[in-house]
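The values are calculated or read from the model by the stated rules, or taken from the named source; none is laboratory data. Here the structure is a predicted model, which is why all the values come from computation and not from measurement. Don't worry about glycine lacking a Cβ; one is built from the backbone with ideal geometry, like all the others, and counts go over all protein chains shown.
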Amino acid sequence: MSDRPNTPAFERGEALLRQLHGQYGPAILSQLDDLAPELKRWVVEFAFGQVYSRPGLDLRSRQIATLAALVAQRHDGAELKSHIRAGLAAGLTRGEIIEIMMQMAVYAGFPAAMSGLHAAREAFAELDAGQSTPS
């Protein structure tokens, strides 16, 4: 990533990233290695090491908020699918993930909810097929 030593926040973030995203998180972030390594550090150190690791909300609740935000913003690709997997790792059920997507129809519109449901279908199918790399 860079020549800077890893901070405690980076170490926390890296552990949390692996807990939530397993092999998928590092695989997605590795796409930044040659293009924007500092952005990769920010994601690990700030998003996971400082924000996700804060007290006040458990990881399950944080994933509900993250999924809702991603669907509302119409993110329906690898980012949303990786957080669908993370939601499952944090204790959400497939049914709850579907309900989150459906709830977003009211606040983000039917197209956003339908895109979210499509991403959920793909993520579930990839998990069921035992795919080891994100698409």
Quick test for you: out of P37, P111, pick the one residue that is surrounded by fewer than 16 Cβ atoms within 10 Å (Cβ to Cβ), in contact (Cβ under 8 Å) with a residue 12 or more places away in the chain, over 16 Å from the mean Cα position of the chain (by Cα) and not assigned by TED's automatic domain parsing to the domain that holds A129. P37
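Does segment 89-96 contain any residue that is outside the structural domain of Q19 (by TED's automatic domain parsing), β-branched (V, I, T), without any contact (Cβ under 8 Å) to a residue 24 or more places away in the chain and over 23 Å from E11 (Cβ atoms)?
In the first step, residues of segment 89-96 are kept if they are outside the structural domain of Q19 (by TED's automatic domain parsing); the result is 89-96.
In the following step, the residues that additionally are β-branched (V, I, T) were identified as 93.
With the extra rule that they be without any contact (Cβ under 8 Å) to a residue 24 or more places away in the chain, the set shrinks to 93.
This time we only want the ones that are over 23 Å from E11 (Cβ atoms), so: 93.
Yes.
Yes/no matrix, rows are residues, columns are (1) surrounded by 15 or more Cβ atoms within 10 Å (Cβ to Cβ); (2) in contact with a strand residue (DSSP E or B) (Cβ under 8 Å, 6 or more places away or on another chain); (3) in the same structural domain as A89 (by TED's automatic domain parsing); (4) charged (D, E, K, R):
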site	(1), (2), (3), (4)
V43	yes, no, no, no
S61	no, no, yes, no
I64	yes, no, yes, no
A69	no, no, yes, no
A72	yes, no, yes, no
Given the condition among the aromatic types (F, W, Y), surrounded by 19 or more Cβ atoms within 10 Å (Cβ to Cβ) and not assigned by TED's automatic domain parsing to the domain that holds A105, answer yes or no: does some residue in segment 17-31 qualify? yes
Please go through (1) surrounded by 15 or more Cβ atoms within 10 Å (Cβ to Cβ); (2) among the hydroxyl-bearing types (S, T, Y); (3) under 18 Å from E126 (Cβ atoms) for T93 and return the number of the only condition it doesn't satisfy. (1)
Please specify each residue of segment 123-135 satisfying the condition of being buried (at least 17 other Cβ atoms within 10 Å of the Cβ) and either in a helix (DSSP H, G or I) or of a type in the set (D, E, K, R) (or both). A123, F124, E126
Complete set of residues in segment 100-131 that are closer than 15 Å to A65 by Cα and among the β-branched types (V, I, T): I100
